[in-house]
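Data block below; observations after.
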Amino acid sequence: MTTAGRLSERFRHEGLEVTEIPGRNTGGREVWALLQSLRRISAQAVMVDTPRDLRLAAWATLVHPARIVYRYNLNYRRPRNDLADRVYARRVSACIYQSRFIQKDALRHEPWVLRVRGYRVPNGYDSSRFAPRPEAGSALRQLWEIPPGTHVVLTSAKLERGKGHDVALAALHQVRQRGFEIAYIVCGDGVLEPELRALAARYSLPVRFTGLLDIDSLIAALSAADLVVHPSLQEIFPNAVGEAMACARAVVAADAGGTGELLGTDGMAGLLVPASDPAAMASAIGELLDDAPRRARIGSAARTRILTDFSLNRMIDGYEAALQEVIARQ
């Protein structure tokens, strides 16, 4: 089930069955819609990942006896911690965490999670689909009219505060000043696009904003890239990095949140730099752009890390085991 039309369309595009319900508020209409959906499929568990969805599920499961599993997410608003929210929290049967970072964050901000069973299930990636596609990458470089010898650097992230695009632009400006020819590809959409376009123009940095890409187009864009930069200032377990790794791209990422748990911290499968540090990011980018064999080694190691530690099947098995255990406790 989803509450957003755009997300529903993406699921349908992938051939998945979707039920869309109203969910902007937590009124009677929204609770009734969720309740009807749970009844229709005889749901034994409902997974939520925002405080709003937790409130909806808490009300709906008063009538339909399904277990609530909270896939704990970053909450940028301060917890209200009023009586109602404490009651909602009492309805949670288990929490699922994508990383050690977010589990520690939950314990710090929501101490009630200590009373429920916790499962850590890292994201997994479809390495048969997210894989290097050299022909698609070459075709895209030609379509974008990128001259031979130009380094393609790519970032895939929503254009919003906290994703660090301004840091990446400042870093790439420094790299260009050192003599590197660069084309910066920014995949994603969001309210900051006009601001980021203006900043790129001030730097005279060649930037292509692609908007939100479908999966096949994103894989082609990743395959066209010499290097992926992920400057986000806070992450649970960044899919953009995992997808780049599966496509055997070398990654330079800000060491923020759970990014290091995915990329590794030894520099073998990607480079971590301090968050909000354009100079450190520029240095790492320059090192890799100047060393194609090293980029290839890192990209190969990154894909191997995904295959070994973060496969799609491993993630599915983790969720299935957690949900089966939760349901069995009814």
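The values are calculated or read from the model by the stated rules, or taken from the named source; none is laboratory data. Computed from a predicted model, the values in this text were never measured in an experiment. Glycine gets a Cβ as well: all are built from the backbone with ideal geometry, and neighbour counts include every protein chain shown.
Criterion applied to 184, 119 was being in contact with a strand residue (DSSP E or B) (Cβ under 6 Å, 6 or more places away or on another chain), hydroxyl-bearing (Ser, Thr, Tyr) and not assigned by TED's automatic domain parsing to the domain that holds residue 252, and the one residue passing it is 119.
Of the residues that make up segment 202-211, is at least one surrounded by 14 or more Cβ atoms within 10 Å (Cβ to Cβ), over 25 Å from residue 247 (Cα atoms) and modelled with pLDDT of 95 or more? Yes, segment 202-211 contains a residue that is surrounded by 14 or more Cβ atoms within 10 Å (Cβ to Cβ), over 25 Å from residue 247 (Cα atoms) and modelled with pLDDT of 95 or more. Is at least one residue of segment 270-288 of a type in the set (Ser, Thr, Tyr) and crowded, with 21+ Cβ neighbours inside 10 Å? Checking segment 270-288: not a single residue is of a type in the set (Ser, Thr, Tyr) and crowded, with 21+ Cβ neighbours inside 10 Å.
Residue by residue, here is whether (1) outside the structural domain of residue 245 (by TED's automatic domain parsing); (2) over 29 Å from residue 312 (Cα atoms); (3) not polar (S, T, N, Q) holds:
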position	(1), (2), (3)
83	yes, yes, yes
87	yes, yes, yes
92	yes, no, yes
98	yes, no, no
103	yes, no, no
107	yes, no, yes
112	yes, yes, yes
115	yes, yes, yes
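To keep it simple, each residue is scored yes or no on (1) modelled with pLDDT under 95; (2) farther than 28 Å from residue 148 by Cα; (3) part of a strand (DSSP E or B).
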{"residue": "161", "(1), (2), (3)": "yes, yes, no"}
{"residue": "168", "(1), (2), (3)": "no, no, no"}
{"residue": "175", "(1), (2), (3)": "no, no, no"}
{"residue": "179", "(1), (2), (3)": "no, no, no"}
{"residue": "183", "(1), (2), (3)": "no, no, yes"}
{"residue": "186", "(1), (2), (3)": "no, no, yes"}
{"residue": "191", "(1), (2), (3)": "no, yes, no"}
{"residue": "195", "(1), (2), (3)": "no, yes, no"}
{"residue": "198", "(1), (2), (3)": "no, no, no"}
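Of the residues making up segment 99-115, those that are over 19 Å from the mean Cα position of the chain (by Cα) and not acidic (Asp, Glu) are 107, 108, 109, 111, 112, 113, 114, 115.
If you check residue 141 against the conditions, is it under 24 Å from residue 242 (Cα atoms), of a type in the set (D, E, K, R), modelled with pLDDT of 95 or more and not in a loop (DSSP other than H, G, I, E, B)? So residue 141 passes the test. Taking the stated definitions as given, is residue 311 hydroxyl-bearing (Ser, Thr, Tyr) and more than 30 Å from residue 117 (Cβ to Cβ)? No, not satisfied. Looking across 275, 240, 269, 253, one residue alone is assigned to a loop (DSSP other than H, G, I, E, B), closer than 22 Å to residue 73 by Cβ and among the small types (Gly, Ala, Ser). It is 275.
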